[in-house]
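K.L.:
Can you read through this structure? Questions will come right after.
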C-alpha cells in the first residue's frame, strides 16, 4: 500500500504540478480575498480530483494490466486511491488553516482549532466529487467514464455556487451534513471495490 502511495506521489510531482499551483492560487485568494469559503471549496474540490488525473495517466500506460504482476489485491488498489483522496484533501485543509492563521495572526480568529472547525464542512463537501466519480472510473475506466466526470464537475460547481450565493450556513455547519457525506464516501469506497473486482480489462 505504501508503495502505491509513493508511486502516486511521484506521479503527482511529475504530472500534476500545474494542478497543485492552481490549488495554491485558490487558497491564497480564499485567505486574502473575498468569497473565502467559495475559493477554499474550489481548492478542496480540485484536491479531491487528483486521483482522477493520475488514473488517466495510468490508463494510458496500461497500469491496470501491469500492476497484476505485483502482489496487490483489488481492495488495496482501490483503497489506495481513496486514501490518496483523503490525504490530498486533508493536506489542502491543513495548508488553508496555516495560511489563515498567518493572515489573522494576533486576532481572536487566529485560533487553528476554530479555523479547522469552520473548514470541516468544506472538507466534507469536497468528498462529494470523488464519492460519485471514482466508482464510475473503476467500473468503466477513465476514457468511457469521461463524460460522467464532466457532468459531475458541472453539477458540483453549480451546486456550490447556489449554496454559497445564498449562504446556507445552517446546512454547511450541520454535523448531520458532515456525517452524511462521510457515509457517502465510505459507501462509494466499498462500491468501487465491488466494481473493480467484477470489471474485465476489456472495458478500459
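The values are calculated or read from the model by the stated rules, or taken from the named source; none is laboratory data. In this text the structure is predicted, and so the values were computed from the model without any measurement. Counting neighbours? That spans all protein chains shown, and the Cβs are built from the backbone with ideal geometry, glycine included.
K.L.:
With respect to the numbered conditions (1) crowded, with 18+ Cβ neighbours inside 10 Å; (2) on the phi > 0 side of the Ramachandran plot; (3) modelled with pLDDT under 75, which one is the sole condition not fulfilled by residue 106?
P.N.:
All conditions pass for residue 106, except number (1).
K.L.:
A follow-up question, please. Taking the options 26, 98, 45, 39, name whichever one is closer than 19 Å to residue 189 by Cβ, surrounded by 14 or more Cβ atoms within 10 Å (Cβ to Cβ) and either without any contact (Cβ under 8 Å) to a residue 60 or more places away in the chain or touching a helix residue (DSSP H, G or I) at 6+ places or on another chain (Cβ under 7 Å) (or both).
P.N.:
45
K.L.:
Also, I was wondering about something else. Kindly indicate which of 127, 120 is at pLDDT 75 or above, closer than 15 Å to residue 89 by Cα and surrounded by fewer than 17 Cβ atoms within 10 Å (Cβ to Cβ).
P.N.:
120 is the lone residue from the list that is at pLDDT 75 or above, closer than 15 Å to residue 89 by Cα and surrounded by fewer than 17 Cβ atoms within 10 Å (Cβ to Cβ).
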